[in-house]
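Have a look at the structure below before the remarks.
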Amino acid sequence: MTASEEFTFVCPSCGESMEVNPAMRDALVENGCVVCGASVTTEAFSPVDTPE
Amino acid sequence: MALEKQTEMTQSDTDALLGRHETGVLSLARDDDPYAIPISYGYDADDRTFYLRLVSTPESEKREFLSSNPDARLVVYEEDEPTYKSVVVTGTLTEISRDEMTVEHVEQYGEAKRPLFEIWGEAKPDLDIKLYELRADTISGRHIELSERHD
């Protein structure tokens, strides 16, 4: 897995933040925030900045 | 109301009961002090593991009891007169850190409902929500059939 495949997840409901890979992103969208249970969309994820 | 019949539940019966419910009472102990709280859970019958979200505040009694990976008991029961069933689970409660979170955890917590019983005045970002798993050492269940009530 390369850095470009990672995302930063920020839950819009509880504010929890963590770096995730694509499989985790898909699981969070399907199951909701693991911390608070709120529904999550792909808008809660942004690509991790990669060094130039 | 007389006790007519009491039987031990099979593992498949206890798994079925635990799977169709999502709430129970979790009991913890520290020295001679008991502590019991209503909780919601997700249950993985294959691993015999329960997944719980618990909310606490820094000074809370709950935090004190949770701070040492305590031995725990979970009680789940149902009643549909004249049938009563109860399941008692013993095990150790372990916190899952954010660093160890896996896809499987996300899926399991998707099954666990929000902390339904816990009403908090603070906004979610101000709450300390911790994730725990309870690995069952023992799971036992009883099925009781009562005779007809004669009031």
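The values are calculated or read from the model by the stated rules, or taken from the named source; none is laboratory data. Keep in mind it's a predicted model, so treat the numbers as computed, not measured. Neighbour counts run over all protein chains shown; Cβ positions are idealised from the backbone, glycine included. In case anyone asks, the SASA skips ligands and DNA or RNA and just uses the protein heavy atoms, side chains included. Shrake-Rupley method; radii C 1.70, N 1.55, O 1.52, S 1.80 Å.
Let me know the mean shielding of A:30-41 by other chains, meaning the per-residue number of their Cβ atoms within 10 Å of its Cβ.
Counting other chains' Cβ atoms within 10 Å and averaging over A:30-41 gives 6.
Scan region B:1-102 for GluC sites (Glu not before Pro) in coil per DSSP, keeping those whose Cβ has at most 16 other Cβ atoms within 10 Å, and list them by number.
B:E22, B:E59
Just to be sure I understand the model, the point goes 7 Å from the Cα along the line to the Cβ. What's the resulting B:D128 to B:I144 distance in nm?
The two pseudo-label positions are separated by 3.8 nm.
What's the ranking of A:26-39, B:131-144 by average number of surrounding C-beta atoms within 10 Å, highest first?
In descending order of packing, they fall as A:26-39, B:131-144.
State the percent of C-alpha pairs, over all pairs in region A:3-47, separated by a distance greater than 13 angstrom.
More than 13 Å apart: 44 percent of the Cα pairs in region A:3-47.
Compute the projected area of the convex hull of the Cα atoms of region B:3-146, averaged over all viewing directions, and report it in nm² to one decimal place.
Average projection, Cα convex hull of region B:3-146: 9.9 nm².
Projecting each Cα onto the charge dipole of region A:3-47 (Lys/Arg +1, Asp/Glu -1 at the beta carbon, about the Cα centre), which of A:C14, A:V29, A:T41 comes out farthest on the positive side?
Going by the Cα projections, it comes out as A:C14.
Going by alpha carbons, how many degrees (0 to 90, nearest 10) lie between the helix axis of A:22-31 and the longest principal axis of chain A?
With rounding to tens, the tilt is 10 degrees.
Between A and B, buried accessible area summed over both sides at probe 1.4 Å, in Å² to the nearest 100?
That pair hides around 1300 Å² of surface in total.
Between the alpha-carbon centers of region B:76-104 and region A:10-52, tell me the distance in whole angstrom.
26
What is the spin-label model distance, in nm, from B:Q6 to B:E64 if the labels are put 7 Å beyond Cα along the C-beta direction?
Spacing of the two 7 Å Cα→Cβ label points: 3.5 nm.
Please state, as a whole number in µm²/s, the translational diffusion coefficient that the Stokes-Einstein equation yields for region B:1-73 at 37 °C and 0.692 mPa s, with Rh defined as the Kirkwood radius across alpha carbon pairs.
226
Evaluate the relative contact order of chain A (contact order divided by residue number), counting alpha-carbon pairs under 8 angstrom at least 6 apart; express in whole percent.
42
Using r as the Cβ-Cβ distance of B:T102 and B:D80, and R0 as 41 Å, what FRET efficiency do you calculate, to the nearest 0.05?
So the FRET efficiency works out to roughly 0.65.
Just tell me which aspartates and glutamates come within less than 20 Å, Cα to Cα, of B:K5; anything on the same chain fewer than 8 places away is out.
By straight Cα distance, B:K5 reaches B:D13, B:E78, B:E79, B:D80, B:E81, B:E145, B:E148, B:D151.
Is there a simple number for the mean count of other chain Cβ atoms within 10 Å of the Cβ of residues in A:14-23, and what is it?
Mean shielding count: 3.
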